[in-house]
Structures are given as C-alpha cells and as structure tokens.
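J.: Sharing a structure below in structure tokens format, with a few things to ask.
The values are calculated or read from the model by the stated rules, or taken from the named source; none is laboratory data. Computed from a predicted structure; not experimentally measured. Neighbour counts run over all protein chains shown; Cβ positions are idealised from the backbone, glycine included. These accessible areas exclude ligands, DNA and RNA; they are computed on the full protein's heavy atoms, side chains included. Shrake-Rupley method; radii C 1.70, N 1.55, O 1.52, S 1.80 Å.
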Amino acid sequence: MVKEHDILIIGAGLSGLRSAIELVDDYDVAVLSKVHPLRSHSVAAQGGINAAIREEDSWRDHAYDTIKGSDFLADHDTVELLTKEAPRAVIENEQWGTVFSRTEDGRLAQRPFGGQRYPRTCYAADRTGHNLLHTTFEQALRKGVKIYDEWFVTSIVTERDRAIGLTALQLASGKVEGFAARALVVATGGYGRVYKKSTNSIINTGDGIALALRAGASLKDMEFVQFHPTTLAGTSESRYSSNILITEGARGEGAYLINSKGKRFMHKYAPEQKELAERDVVSRGILTEIKEGRGLEGGFLHLDLTHLGAEKIKERLPGIREIAMTFAGIDPIEEPIPVEPAHHYSMGGIDCDRFGRSPLEGLYAVGECSCMSVHGANRLGGNSLLETLVFGRIVGETIAEDFDGLDDTKEDAVDDAAFEMRQKLQRLMLGERGEPPAEIRDELNETMDEKVGVFRNGDDLEKALSRIKELKSRFNEIALGDMDERFNYTLIRTLELENLIDVAEAITKGALMRKESRGAHYREDFPERDDEEYLQHSIILRTDEGLEVDYRDVTLGLFEVED
Amino acid sequence: MLFRIARSREGGEITHYDVYKVEVSEGMTVLDALFQIQDRMDPSLAFRYGCRGAVCGSCGMLVNKMPVLACGTQVKEIRDLSMNLHDFPPLTDIPAGWDPERSVLIEPLPNFPILKDLVVDLSKFYDALEELKLWAEPQPGNEARSQFPEDRKRIERYVHCIMCAICFGACPVNHEKEEYVGPAALAKAWRFYDDARLTQRRRYLEAAKQEHGAPLCELIMNCVRACPKGVAPGGAIRKIKSESIE
C-alpha cells in the first residue's frame with residue numbers, strides 16, 4: 001500500500017519544518033525524518049543568525065560581506081534574496097516565541113561574527129539553534145504538521161525525469177513502504193560524518209544529497225567544505241577528540257587563539273581581523289602554527305577565554321563552558337580550551353535555483369543539503385541558520401506556485417520501487433561472509449581527514465579518489481552480522497555509509513578538478529584564485545561512466561569581483 | 001571494562017543482560033562504548049543517538065541506576081557519579097549478578113514501554129506537548145517585541161530543556177501514575193506562562209494545573225537532580241502549584 005500526500009518533505013530540521021509550516025494550511029504535507037524532529041542537527045547550532053535590523057546596517061552591506069566571504073563564488077541574486085528577507089525571518093521567529101539575547105533596553109542583541117563589518121548576528125546566548133528549532137517545532141505542532149518520525153528514506157522514485165515519490169524504512173517495524181507525492185523537498189542537512197573529525201551529529205550522513213544524485217539530480221560546488229577553526233580537541237593523553245563546536249561567538253566575545261609558546265598568532269595570518277577573519281583563514285592559520293611546531297603535544301592549540309571573566313562567560317557562553325567541562329574536564333573560566341579545526345559545514349549540495357527548484361521536476365532542496373549558492377566557497381557564521389528559515393519559507397511558496405502544474409502521483413511506479421528496495425535490503429541483511437561495514441566507514445573517514453581536508457593537493461586527491469572507489473566496491477561485499485528487523489540501527493548505519501561513500505566521491509572529484517584555491521578549497525599545488533578559469537560553479541552528475549564534472553557561470557550583478 | 005547491558009529484542013520486559021568487554025580509553029563516553037559494542041561485537045544492540053554533544057536529547061538511559069545522557073557521561077567518571085535520587089523500583093531492583101565494582105550497568109530509561117533493548121516509546125512524553133498546547137500564538141505585526149534582560153532571565157533555564165525525557169524517567173510519580181504529564185511539560189508550561197511577551201498566558205497555567213498535571217506532583221525533586229541541563233522542573237512546578245488561576 002502506497003501512502004499518498006500532496007507534498008513530502010525529507011528532514012525535520014529547521015529547513016524542513018519551516019517549509020512544512022508554509023504549506024500545511026493549503027496542502028496535505030508530510031515530513032519524514034530518521035529521528036524525532038527535536039533531535040535534528042539544527043539543535044546544535046550555537047552562534048547566531050544574521051540580519052541587518054539596525055539603521056546603521058543594511059541588506060546591501062550584509063550582501064557584500066556574504067559575497068566577499070564567499071570568495072566571490074556566491075550567486076548575487078540568491079544572496080540578495082537571503083539578506084533582504086533576513087530581518088523578516090528573525091522577527092517571525094521572535095514572534096513565535098524564541099528567547100533571543102537582548103540589549104539592556106529590550107531590543108534584539110547582536111554580536112560580531114567573522115568576516116562581517118557590523119555586529120549583525122542575533123543570538124540566544126550560545127544555544128541559538130536549540131532555541132530556533134524548539135520554537136519552529138512548536139509552531140509545526142500548533143499547525144498540525146504530519147510527521148513520520150524514525151522513518152529512513154531509502155530512495156527517491158522518478159519517472160521520466162520527474163520525482164514522483166520515495167521509499168522509506170520505518171525503524172520501529174523494519175518495513176519498507178512507498179510514498180507518492182506531487183512534490184518532494186529534500187531538507188536533510190549536511191554530511192559531516194564523511195569525515196572523522198567533524199562538529200556534526202552522528203546522524204549527518206548526507207542522505208538527501210546521495211539520494212538526489214542517484215535519482216538523477218545534479219550536485220553543485222561539492223568541493224567547498226568548511227572546516228571550523230575551533231572544535232574541541234582531545235588532550236594529549238586522550239584518543240577521543242569529540243570535535244564539538246566551540247562557537248565563533250566565543251571569538252566574537254573576545255576569546256583569543258594561542259600557540260604552545262602562549263602567544264597569540266592570528267595577526268600573522270590576518271593582520272586586521274585576526275581571530276575574526278573568515279573561517280578558512282583562521283583554520284589555515286592554526287594548522288600552519290601546528291605544522292611549524294608551535295602546537296601542543298597531540299596536535300592542537302588553545303582558545304583562551306579566561307580574560308573574559310566569569311560573569312561574561314556565564315552569561316554569553318554558558319553552553320561552551322558546559323561543553324568544555326563535560327567533554328574535556330576543563331573550566332574555561334580558569335583554563336584555555338584545547339581546539340583544532342574540523343569539518344563543520346557543506347557549502348555544496350543539491351544543485352538548485354534560489355527558489356529551491358532542482359533540475360529534476362518535482363524535486364526541491366533547501367538548507368545545508370541544497371546549493372542555491374548563497375555561501376559560495378566559504379560561508380559566514382550566522383548565515384546558515386538564516387538560510388534555513390528564509391529559504392524554508394520561500395521553497396514552500398515556490399511549491400505552492402508550481403503545484404497545479406505538477407502531474408498527479410503515479411502509485412504503481414512507487415509501489416514497484418518499494419518492492420525493489422525490500423529485495424535490496426533483504427540481500428544486504430542476508431550476506432553471511434564479508435567485512436563489517438564499520439571497517440569501511442573508518443577507512444573512509446581516515447582518507448577524507450588526511451587527503452581531502454583543509455590543505456589539498458592533486459596527488460592526495462587522486463589517491464583519495466581511488467581509495468573511495470575501492471571502498472565502494474568493498475561495500476558490495478559486506479556482512480552485517482546477526483540482527484533483527486526491528487530497530488535495526490546497524491542496517492541504518494550501513495545505508496548511511498552507502499550515502500557517505502557517494503558524497504565523498506563527489507567532494508573529492510570536485511576538489512581534484514578545481515585547480516585553484518578559493519575560500520575553503522585550498523590547493524597547495526595551485527595556491528592562487530583563478531577567476532579566468534574558475535569563477536564558476538562545478539556541477540556534478542552521475543552517468544554510466546561515473547561522475548562527470550561540468551561548470552556553470554556564477555550569477556553576478558550586485559558588486560564587482562575583487563581580488 | 002565490562003558493560004552489562006539490558007536486552008529486550010522483542011520489546012516489553014527486559015529479558016536478560018548481555019556482558020561485553022569494552023576497551024576503554026581516556027575521554028571515552030558511554031555512547032562511544034555502545035558504538036564499540038554495536039560496531040565490533042553485537043550489531044543487534046539497539047540504542048538511540050544523535051549529536052554526541054549533549055544537546056539533542058536522544059540518548060537518555062540508566063547507567064548504574066542513574067538516568068543520564070550516554071553521550072554526556074565519561075566512562076571513567078561513572079563510579080563517582082551520584083544523584084541522590086529518591087528511590088523507586090527501577091532504581092532499586094538490582095539484576096542478579098551485577099557487581100558495580102566489576103561492570104557498568106546499562107538499562108533503558110524507566111517509566112516508558114521498552115520497544116527494543118535501550119529504545120523506549122516516548123510517545124506519551126511528546127504527546128503532552130500537544131495536549132497542553134505548549135506553543136506561543138503568534139501576534140500580528142512585523143516588529144520584534146521588546147523583552148528586557150531580566151524578563152528573559154526568569155524563563156531562560158526552562159528554555160534550556162532539550163526534551164530528553166530524563167526527568168520523566170527519573171520521576172517516581174510517573175512510575176506509578178501513567179496519566180501524569182510529567183516534569184518537562186510542566187516546566188515548559190511555566191516557561192510560556194511567565195513569558196512577559198505573550199498574551200493569554202493564563203491558558204498555560206490552566207493547562208499545567210489540570211488534574212493530570214501539577215496536582216499529581218509530590219515535589220520529590222528527582223527531576224531537578226537528574227536533569228542534565230540544569231532546567232530544574234521541580235522549581236517551576238512548585239511555582240505552578242502556588243499560583244492561583246484567578
């Protein structure tokens with residue numbers, strides 16, 4: 001039995017929920033999520049959400065900072081939409097009940113963030129994502145949005161270059177069912193678990209990106225992977241570095257980076273902005289210090305908050321203090337926090353326009369899994385929460401506009417796809433001899449950390465690509481071991497691994513082909529930005545021969561491209 | 001180190017305990033240990049997880065009879081943990097053969113039906129949010145409202161709730177009275193009632209004071225002791241009890 005809805009949304013983080021809220025009054029909309037919505041990764045965002053809400057600031061300044069921060073790869077029309085709509089998104093969420101931090105006179109407080117000339121980041125202490133997600137979920141409940149929680153989407157079903165539904169595995173029962181709809185929204189977030197060192201939730205496995213690629217959609221700018229300069233490192237005696245995010249908000253409040261000599265060093269890499277330079281610049285600065293022997297034993301540096309004083313730390317950065325105490329046994333009021341760069345965000349994703357339309361009719365994407373190209377080669381802090389809320393609403397509006405022109409659902413094709421998926425999962429679960437999937441996941445993580453990280457070069461990327469291909473073929477010979485149908489998390493993690501491998505291949509292929517350095521993509525063998533050749537988006541498509549890379553012009557128009 | 005883990009492959013009752021030998025290293029959390037078991041020893045072991053950073057609230061469970069987030073609990077610190085909880089059967093029924101000196105005991109969060117192993121059915125916990133209508137009604141206008149820092153501060157700790165259900169699982173009343181909405185929902189009701197920006201705030205208080213709400217709470221305060229985020233629902237419930245609806 002195929003389940004039918006007008007619109008299906010995959011993912012119940014901020015993007016997915018905001019799209020659903022926009023559509024629920026007029027359409028039968030359902031959200032599928034592999035976790036309960038409140039467990040979505042949006043909850044972990046700390047620092048804040050950007051909006052030009054003061055007279056001294058303007059959407060144009062916000063747009064300029066975003067485009068400059070993107071190393072001129074962001075599409076200007078998309079950035080214009082984001083920055084013009086920003087105040088509305090923040091105010092709407094305030095109206096919904098979010099408890100933002102405030103100035104003494106009761107207005108929304110704003111803090112400085114990297115790469116921005118004005119303190120325009122609204123925040124809720126250092127738990128902004130938590131506050132926004134809980135509020136948005138409350139509104140989705142109020143509106144009666146239908147949610148299928150703990151359903152893992154296993155494929156997007158297409159017919160003649162058009163998305164018509166999906167198949168999904170219900171964790172509780174282990175059953176696969178087909179879902180038919182006129183429009184599908186992919187809102188599954190990022191893919192941090194391609195890397196071992198990542199700030200992301202364990203559930204961030206790029207599922208939607210891989211599903212869309214397999215369904216015939218193209219991906220865009222996948223080589224642009226943001227590494228966050230300050231994530232919680234393990235100490236020298238510890239094997240575990242959790243890489244939990246230590247928000248840029250900490251540096252915004254005045255925290256410094258210090259090397260093993262106890263000296264600040266960011267003035268060498270960014271004389272004016274220092275710790276508040278763009279994230280790629282700070283990440284390279286830290287790794288250069290470590291490379292040149294000024295790191296601490298175990299390969300990390302310190303982020304010092306002690307001079308901020310107990311009161312400010314408790315008021316503005318309480319979550320950071322809690323993280324440092326719980327996961328590193330360190331109270332940042334008294335001691336500096338061990339930090340290292342780690343994967344944080346994916347600028348690339350499903351190729352779509354600024355309204356969320358992918359090239360595959362009926363398929364839309366929004367949030368981190370999408371690439372409307374608002375972040376270009378490097379995202380500014382405070383723009384990702386903003387993207388989810390602004391474009392969540394816009395994608396909802398777009399679908400409402402398109403809806404009458406989309407064909408009615410095709411149940412038979414969806415039913416067939418569900419049947420095939422049941423067979424595939426049966427085969428996967430029955431394999432008796434082979435290596436455990438965890439081995440492949442570990443090797444994939446290691447390869448990506450070592451060869452497709454902050455510093456890249458052609459040699460390493462070639463090696464990584466052939467390694468990924470090898471892992472892909474080894475994936476066909478795995479054995480999952482003895483287990484049950486119900487709540488089969490080993491099966492879920494194996495399906496996630498299949499997605500991670502595809503995403504890793506796209507990232508690495510894109511990085512190998514882009515022979516320049518731009519934003520977060522730094523090639524040691526091509527250290528300069530090359531606008532002549534590469535002021536272009538990379539577009540990745542799956543063909544019978546493997547992944548194919550093509551290029552498309554960046555949409556300009558608002559500002560001149562600068563060096 | 002040995003981990004003794006409650007199993008229930010079909011759901012319902014805990015049927016038995018399996019013992020696993022985990023290689024412990026510095027900085028390892030209980031969640032890391034569970035993944036080591038699932039990845040290397042027993043792919044059938046089921047438990048929920050998410051952020052691994054103590055913010056998403058997925059991995060609440062009983063560790064040595066204490067309700068905690070598995071990801072926020074360091075293995076080497078388990079023995080020093082102490083919550084001074086008021087006892088009720090799931091915390092006092094010691095499984096045969098468990099010696100706290102020799103192994104770490106892992107069990108599902110109490111007061112919820114077991115679905116499989118450490119995975120419990122939280123639907124009654126989530127349903128309370130809808131029953132009590134725990135959301136703000138948006139007001140017309142396109143300006144952000146004022147909220148003074150002191151007004152914000154009053155409700156801030158309740159806003160920190162991550163809905164991990166540990167308070168519900170730690171509460172002796174929830175253990176006895178299935179109909180009790182539990183501490184998290186009441187703390188959230190207070191958060192809206194005390195939010196100076198909202199109008200029609202009385203409805204949250206009325207919802208909190210309904211018969212399956214605050215009146216059932218005996219102010220035992222296990223919720224306050226067990227909460228991993230310092231929300232302290234018991235304080236909110238005390239205030240709800242003393243507030244008159246008039």
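J.: Out of everything in the range A:387-441 that is open to solvent by 20 Å² or more (accessible area, probe 1.4 Å) and over 28 Å from residue A:176 (Cα atoms), what residue ends up being nearest to the chain's Cα centre (by Cα)?
T.: Checked the range A:387-441; the qualifying residue nearest to the chain's Cα centre (by Cα) is A:397.
J.: Could you list, in sequence order, the residues of the range A:452-465 that are charged (D, E, K, R), touching a residue at least 24 places away in the same chain (Cβ under 8 Å) and closer than 20 Å to residue A:377 by Cβ?
T.: Listed by number, the list holds a single entry, A:456.
J.: Among the residues of the range B:122-155, write down those that are at the interface with chain A (Cβ under 7 Å from one of its Cβ atoms), in a helix (DSSP H, G or I) and within 21 Å of residue A:124 (Cβ to Cβ).
T.: Across the range B:122-155, the qualifying residues are B:129, B:149, B:152, B:155.
J.: For the range A:381-402, state whether one or more residues are at pLDDT 95 or above, among the hydroxyl-bearing types (Ser, Thr, Tyr), in contact with a Gly (Cβ under 7 Å, 6 or more places away or on another chain) and farther than 19 Å from residue A:163 by Cβ.
T.: There is at least one residue in the range A:381-402 that is at pLDDT 95 or above, among the hydroxyl-bearing types (Ser, Thr, Tyr), in contact with a Gly (Cβ under 7 Å, 6 or more places away or on another chain) and farther than 19 Å from residue A:163 by Cβ.
J.: Among the helices (runs of 4 or more DSSP H) contained in the range A:245-345, which hold 1 or more residues that are polar (S, T, N, Q)?
T.: The qualifying helices (runs of 4 or more DSSP H) are A:279-289, A:318-328.
J.: Just to check your reading of the model, which residue among A:505, A:446 is over 19 Å from residue A:197 (Cβ atoms), more than 11 Å from chain B (Cβ to nearest Cβ), touching a residue at least 40 places away in the same chain (Cβ under 8 Å) and not small (Gly, Ala, Ser)?
T.: When all the criteria are applied, what remains is A:505.
J.: Being of a type outside the set (A, V, I, L, M) and over 26 Å from residue A:171 (Cα atoms) is the requirement here; does residue B:103 meet it?
T.: In short, yes.
J.: Continuing with this model, one more query. Tell me, yes or no, whether the range A:344-358 has at least one residue that is within 14 Å of chain B (Cβ to nearest Cβ), touching a helix residue (DSSP H, G or I) at 6+ places or on another chain (Cβ under 9 Å) and not aromatic (Phe, Trp, Tyr).
T.: yes
For (1) aliphatic (A, V, I, L, M); (2) free of Cβ contacts under 8 Å to residues at least 24 places away in the same chain; (3) open to solvent by less than 10 Å² (accessible area, probe 1.4 Å); (4) more than 8 Å from chain A (Cβ to nearest Cβ), each residue gets a yes or a no:
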{"position": "B:25", "(1), (2), (3), (4)": "no, yes, no, no"}
{"position": "B:35", "(1), (2), (3), (4)": "no, yes, no, yes"}
{"position": "B:39", "(1), (2), (3), (4)": "no, yes, no, no"}
{"position": "B:43", "(1), (2), (3), (4)": "no, yes, no, no"}
{"position": "B:50", "(1), (2), (3), (4)": "no, yes, yes, no"}
{"position": "B:57", "(1), (2), (3), (4)": "no, no, yes, no"}
{"position": "B:61", "(1), (2), (3), (4)": "yes, no, yes, yes"}
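J.: Continuing with the same structure: Got a sec? Which of A:206, A:165 is touching a residue at least 40 places away in the same chain (Cβ under 8 Å), over 14 Å from the mean Cα position of the chain (by Cα), buried (at least 24 other Cβ atoms within 10 Å of the Cβ) and away from every other protein chain (no Cβ under 14 Å)?
T.: When all the criteria are applied, what remains is A:165.
J.: Starting from residues that are under 19 Å from the mean Cα position of the chain (by Cα) and over 14 Å from residue A:383 (Cα atoms), keep the ones in the range A:44-79 and report whichever is most open to solvent (accessible area, probe 1.4 Å).
T.: By that ranking, first place goes to A:71.
J.: Has the range A:322-338 got at least one residue that is within 14 Å of chain B (Cβ to nearest Cβ), within 30 Å of residue A:208 (Cα to Cα) and open to solvent by 10 Å² or more (accessible area, probe 1.4 Å)?
T.: The answer is yes; a qualifying residue exists.
J.: Restricting attention to the range A:136-153, does a residue exist that is in a helix (DSSP H, G or I), buried (at least 24 other Cβ atoms within 10 Å of the Cβ), within 14 Å of chain B (Cβ to nearest Cβ) and among the β-branched types (Val, Ile, Thr)?
T.: yes
J.: Just the residues that are more than 25 Å from residue B:52 (Cα to Cα) and either touching a helix residue (DSSP H, G or I) at 6+ places or on another chain (Cβ under 8 Å) or open to solvent by less than 70 Å² (accessible area, probe 1.4 Å) (or both), please, taken from the range A:297-321.
T.: A:306, A:308, A:309, A:310
J.: Additional query: Pick from A:516, A:532, A:485: which is over 20 Å from residue A:430 (Cα atoms), over 22 Å from the mean Cα position of the chain (by Cα) and open to solvent by 50 Å² or more (accessible area, probe 1.4 Å)?
T.: A:532
J.: Going residue by residue through the range A:213-233, is there one that turns out to be open to solvent by 20 Å² or more (accessible area, probe 1.4 Å) and of a type in the set (D, E, K, R)?
T.: yes
J.: I've got another one for you. Hey, among the residues in the range B:111-121 that are surrounded by 22 or more Cβ atoms within 10 Å (Cβ to Cβ) and part of a loop (DSSP other than H, G, I, E, B), which one's nearest to the other protein chains (Cβ to nearest Cβ)?
T.: Only one residue fits best here, namely B:117.
J.: Condition (residue is touching a His at 6+ places or on another chain (Cβ under 6 Å), open to solvent by less than 10 Å² (accessible area, probe 1.4 Å) and more than 10 Å from every other protein chain (Cβ to nearest Cβ)) applied to the range A:29-43: is it met by at least one residue?
T.: yes
J.: Considering only residues that are away from chain B (no Cβ under 14 Å) and aromatic (Phe, Trp, Tyr), look in the range A:78-119 and name the one that is nearest to residue A:46 (Cα to Cα).
T.: Applying the filter and picking the extreme gives A:113.
J.: Still on this structure, I have one more. Considering only residues that are acidic (Asp, Glu) and touching a residue at least 24 places away in the same chain (Cβ under 8 Å), look in the range A:387-401 and name the one that is nearest to residue A:190 (Cα to Cα).
T.: A:387
J.: Of all residues in the range B:156-172, count the ones that are more than 8 Å from chain A (Cβ to nearest Cβ) and open to solvent by less than 20 Å² (accessible area, probe 1.4 Å).
T.: Residues in the range B:156-172 being more than 8 Å from chain A (Cβ to nearest Cβ) and open to solvent by less than 20 Å² (accessible area, probe 1.4 Å): 10 in total.
J.: To continue, here is another question. In the range A:120-134, how many residues are more than 8 Å from chain B (Cβ to nearest Cβ), of a type outside the set (A, V, I, L, M) and under 16 Å from residue B:188 (Cβ atoms)?
T.: 0
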